[in-house]
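**Student:** My questions all concern the structure below.
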Amino acid sequence: MLAVNFLLLGAVLFSIGVFGVLARRNAVMVLMSVELILNAVNLNLVAFALMHGNVDGHVFALYVIAVAAAEVGVGLGLVLLVYRNRRSIALDELSEMKG
Amino acid sequence: MILAQDGVNVAQNVGFGIIAAVMIVAALCVVTTRNVVHAALWLVIVLAGVAAQYVLAAAEFVAISQVLVYVGAVMVLFLFGIMLTRAQIGREQGLNNRGWALGIPVALLLLGVLCFAVIDAFEDTTLPAENEISSAGGIAENPTAIADNMLSPYLVPFLALSFVLLAAAIGAIVLARKD
């Protein structure tokens, strides 16, 4: 099995995630796209671990999974707070800090 | 042809191709569908596909963690988030920014650069097959090796991560609390 298979799949998922972050207006959808990006990175880490024959990549992937779980928890808490204050989670309406 | 070569495990490559195609279609649906709940369900397919790819890459422990954490916990959190912030369940307008089409060239450009870099660097690199892995040691006894690594060389990041999770849990409660 060739290493480029996994790495190219990771690249495709990463690009789709970046498109989602740029294109989506709903904050929850943006968080979902961020999950796509993090999973692409994890796929690369696991492929590199297999390529080099040690488990350091697996350890990094597990840490990334844990950080992603924390990120989703805090992110959805923020989204909930924004929704409670403004009755909307459209990201382009949050422009109070615009210069 | 870069995606297949002689002397490789055909079943593994075919399995990889099928799962990868399903994952890419599902990921495209996540970022294009007009229904927030459907996007979450498509995301489940992508995450489960990633777990299947981990199994193909001989990372069973990471695959199980992926299923437990992502497909189990994170998706429930997403569905809660959707239902607490949107009264309506169904198609809705205004999910995309006004300039959303600008994201397509940006993503394609990024994909081109990434593919060029990956193919340039790893064009001929082959991954070891299952039987070679078991003789090489290290990655073969997967959970034991992960535990050895996590609790000795990577102990400090592990403890830091524990604090991050604690802070995130408390922070999420404080943010979402009503008073």
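The values are calculated or read from the model by the stated rules, or taken from the named source; none is laboratory data. Every value quoted in this text rests on a predicted model; they were computed, and no experiment measured them. Quick reminder, even Gly has a Cβ in these numbers, built from the backbone with ideal geometry, and neighbours come from all protein chains shown.
**Student:** Within segment B:34-41, identify whether any single residue is touching a helix residue (DSSP H, G or I) at 6+ places or on another chain (Cβ under 9 Å), more than 19 Å from A:SER15 (Cα to Cα), among the aliphatic types (A, V, I, L, M) and at the interface with chain A (Cβ under 8 Å from one of its Cβ atoms), and answer yes or no.
**Tutor:** Yes.
**Student:** From the list A:ILE89, A:ILE65, which residue is in contact (Cβ under 8 Å) with a residue 40 or more places away in the chain and either over 25 Å from B:ALA63 (Cα atoms) or facing chain B (nearest Cβ under 7 Å) (or both)?
**Tutor:** Only one candidate qualifies: A:ILE89.
**Student:** Applying the selection to segment B:57-77, what residues are more than 28 Å from A:ILE89 (Cα to Cα), more than 8 Å from chain A (Cβ to nearest Cβ) and in contact (Cβ under 8 Å) with a residue 24 or more places away in the chain?
**Tutor:** Once the filter is applied, which keeps residues that are more than 28 Å from A:ILE89 (Cα to Cα), more than 8 Å from chain A (Cβ to nearest Cβ) and in contact (Cβ under 8 Å) with a residue 24 or more places away in the chain, segment B:57-77 yields only B:GLU60.
**Student:** Right, next: If we keep just the residues of segment A:3-50 that are touching a residue at least 60 places away in the same chain (Cβ under 8 Å) and assigned to a helix (DSSP H, G or I), which is nearest to the chain's Cα centre (by Cα)?
**Tutor:** A:VAL30
**Student:** Run down A:LEU38, A:LEU45, A:LEU8 and say which single residue is at pLDDT 90 or above and either touching a Leu at 6+ places or on another chain (Cβ under 7 Å) or within 7 Å of chain B (Cβ to nearest Cβ) (or both).
**Tutor:** A:LEU8
**Student:** Do the conditions hold for A:VAL4, that is, is it in contact with a helix residue (DSSP H, G or I) (Cβ under 6 Å, 6 or more places away or on another chain) and farther than 26 Å from B:ARG34 by Cβ?
**Tutor:** It is true that A:VAL4 is in contact with a helix residue (DSSP H, G or I) (Cβ under 6 Å, 6 or more places away or on another chain) and farther than 26 Å from B:ARG34 by Cβ.
**Student:** Right, another one. Tell me which helices (runs of 4 or more DSSP H) are completely within segment B:1-82 and hold 1 or more residues being of a type in the set (Lys, Arg) and under 22 Å from A:GLY73 (Cα atoms), or say none if there are none.
**Tutor:** none
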